[in-house]
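> Here it is, the structure, as structure tokens.
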Amino acid sequence: MRAEFEAVRRWLAEAERVAVLTGAGISHESGVPVFRGQDGLWRQYRPEDLATPQAFARDPRLVWEWYNWRRSVVARAQPNPGHRALVELEERTRDFTLVTQNVDGLHERAGSRRLLKLHGDLWTLRCLDCGRESVDRAVPLPELPPRCACGGLLRPGVVWFGEPLPEEVLRQALEAAGRAQVFLVVGTSAVVQPAASLPLLARRAGARVVELNLEETPLTGQVDASFLGKSGELLPRLVEAAVRS
Ligand code: APR
């Protein structure tokens, strides 16, 4: 572990181009539930009942009750040392890109700027009729389902299963992965595409890929270094060592 940590410290210290992919695991220590694993959301609810366009068309109120609950949980959460370590790394790296699958907004609240949100954002609402997007941080939302000024139904500004990712965001994420010298993968089960392909694309393009996760994932056997542990503990140690050197 020590030798591997030292190697990664050196890679990060020497890198000018760094990209990071985060998943729900980085927010777990902030009290935000993950999706898979023993206490994951998908153990209590069926994704197809809550996180698909069909589910929303079938019962917009039910879907909004779930998102209202998720918004209330996230509103009480604070960024943790893992989020803050990535802000430190961003400030010390010339070409830094943080790609997140998370919709909780904790990276922005921690101070991340060069951030690409692959799966949208819990706080954004989009009108099904006029397409207008707005940010509404009310917790709880006063009326479910919320309505647009035009009278149309508002949906959460998140990417549901079966929906395309925002094109420009994905293009920039692919570009960042293709030019990274070091690619960190933090707190993701690496099973949802196309996000899960970014680390492998980075590796094929010559990056050193480093995984930080509580447990092994389908990526673990294909990365240059893998650390098992909490991102809120591992990231600060790794970034501190890299920026100090
Ligand atoms: N530190 C590091 N890793 C952690 C921690 C922690 N404290 N807690 C949990 N993890 C890891 C788990 O081991 C797991 O590998 O975080 C990962 C969480 O995986 P998922 O719950 O599948 O979340 P994620 O990978 O972000 O899901 C991807 O699936 O449901 C869709 O759109 C949703 O963006 C989400 C996507």
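> Take the alpha-carbon positions of region 138-188, form their convex hull, and give its projected area averaged over all directions (one quarter of the hull surface) in nm². Intermediate values should be presented prior to the final figure.
Numbers: hull surface 25.3 nm².
Computing the convex hull of the Cα atoms and averaging its projections yields 6.3 nm².
> Follow-up question, since we're still on this one. Report, in debye and to the nearest 20, how large the dipole of region 154-237 comes out about its Cα centre when Lys and Arg carry +1 and Asp and Glu carry -1 on their Cβ.
Roughly 180 debye for region 154-237.
> If you don't mind, another one. Please list 113-126, 165-178 highest first by mean number of surrounding beta-carbon atoms within 10 Å per residue. Walk me through the intermediate numbers first.
Values: 113-126: 19.3, 165-178: 16.4.
Ranking, from highest mean packing down: 113-126, 165-178.
> Another one. Just want the answer: with Cβ charges of +1 for Lys and Arg and -1 for Asp and Glu, which residue in ALA51, GLY23, VAL34 is farthest toward the dipole's positive end in region 16-66?
My answer, from the dipole projection, is ALA51.
> Please report the accessible area of ARG46 (heavy atoms, 1.4 Å probe, ligands and nucleic acids excluded) in Å², nearest 10.
130 Å²
> SER189: net charge of surrounding residues, Cβ under 15 Å, Lys/Arg +1, Asp/Glu -1, itself excluded?
Values: positive: ARG36, ARG43; negative: ASP39, GLU211, GLU215, GLU216.
Computed value for this residue: -2.
> Please state, rounded to one decimal and in Å, the Kirkwood hydrodynamic radius that the chain gives when every pair of distinct Cα atoms enters the mean of 1/r.
Its Kirkwood hydrodynamic radius stands at 18.6 Å.
> Same structure, new question: Distance between the C-alpha centers of region 62-95 and region 1-61? Whole Å please.
11 Å
> Now a separate question. If you roll a 1.4 angstrom probe over the protein chains with everything in place, what fraction of the accessible area of the chain belongs to carbon and sulfur, to the nearest %? Intermediate results must be reported in sequence, preceding the final value.
Working: 5690 of 11450 Å².
Answer for the chain: carbon and sulfur cover 50 percent of the accessible area.
> With an 8 Å cut-off on Cα pairs and a minimum separation of 6 or more residues, tell me the relative contact order of region 1-74 in percent.
Working: 35 pairs, mean separation 12.0, N = 74.
It comes to 16 percent, rounded to a whole number.
> Measuring with a 1.4 Å probe in the full set of protein chains, what accessible area per residue, in whole Å², belongs to the chain?
Working: 11450 Å² over 245 residues.
With all protein chains present, the chain gives 47 Å² per residue.
> Quick one: which residues, 5 or more positions from GLU211 or on another chain, have an amide H under 5 Å from its amide H? H modelled 1.01 Å from N in the peptide plane, none for Pro or chain starts.
VAL185, ALA225, SER226, PHE227
> Further question: Can you work out the Karplus-derived ³J(HN,Hα) for every residue in region 215-223? Use 6.51 cos²θ - 1.76 cosθ + 1.60 with θ = phi - 60°, whole Hz, and x for glycine or proline.
Once θ is set to phi - 60°, the couplings for region 215-223 become 9, 6, 9, x, 7, 3, x, 10, 9 Hz.
> Once every DSSP H run of n ≥ 4 in the chain is given -39500 (n - 2.57) and the sum is divided by its residues, what mean residue ellipticity at 222 nm do you get, rounded to the nearest 500 deg cm²/dmol? Display every interim value, and only then the final one.
Values: 11 runs with 99 residues, N = 245.
That calculation yields -11500 deg cm²/dmol at 222 nm.
> Cβ neighbours within 10 Å, averaged per peptide: list 193-204, 58-69 in order, most packed at the top.
Numbers: 193-204: 18.2, 58-69: 16.2.
Averaged packing, sorted descending, gives the order 193-204, 58-69.
> Sticking with this one: Once you put a point 7 Å from the Cα of VAL243 and another 7 Å from the Cα of GLU16, both along the Cβ direction, what distance in nm separates them?
Between VAL243 and GLU16, the simple spin-label model gives 2.1 nm.
> Subtract the Cα-Cα distance of ARG46 and ALA75 from 0.36 nm times their separation in residues, and report this length gain in nm to one decimal.
Working: separation 29, 0.36 × 29 = 10.44 nm, distance 2.33 nm.
Answer, rounded to one decimal: 8.1 nm.
> Step through the residues of region 229-245 one at a time and calculate ³J(HN,Hα) from phi using the Karplus curve (6.51 cos²θ - 1.76 cosθ + 1.60, θ = phi - 60°), rounding each to whole Hz and writing x for Gly and Pro.
Listing the rounded values in order: x, 7, 5, x, 9, 6, 4, x, 5, 5, 5, 4, 5, 6, 7, 6, 7 Hz.
> While we're here: Expressed as cubic angstrom per residue, what is the convex hull volume of the alpha carbon set of region 64-146? Present the calculation step by step, with values, prior to reporting the outcome.
On the way: hull volume 8.1 nm³, N = 83.
Given the Cα convex hull of region 64-146, per-residue volume reads 98 Å³.
> Please work out the C-alpha center-to-center distance from region 212-245 to region 113-175 and express it in whole Å.
31 Å
> Just round it to a whole percent: the fraction of Cα-Cα distances in region 1-44 exceeding 14 Å. Kindly include the intermediate steps, with their values, before the conclusion.
Values: 612 of 946 pairs.
Beyond 14 Å sits 65 percent of the P(r) for region 1-44.
> Something else about it: Let's test this: bin the Cα-Cα distances of region 101-150 at 5 Å from zero up to the farthest pair and state each bin's percent.
Final binned percentages: 4, 17, 25, 23, 16, 11, 4.
The values are calculated or read from the model by the stated rules, or taken from the named source; none is laboratory data. The model shown is predicted, which means the values in this text are computed figures rather than measured ones. Counting neighbours? That spans all protein chains shown, and the Cβs are built from the backbone with ideal geometry, glycine included. Keep in mind that these areas ignore ligands, DNA and RNA; they rest on the heavy atoms of the full protein, side chains included. Shrake-Rupley method; radii C 1.70, N 1.55, O 1.52, S 1.80 Å.
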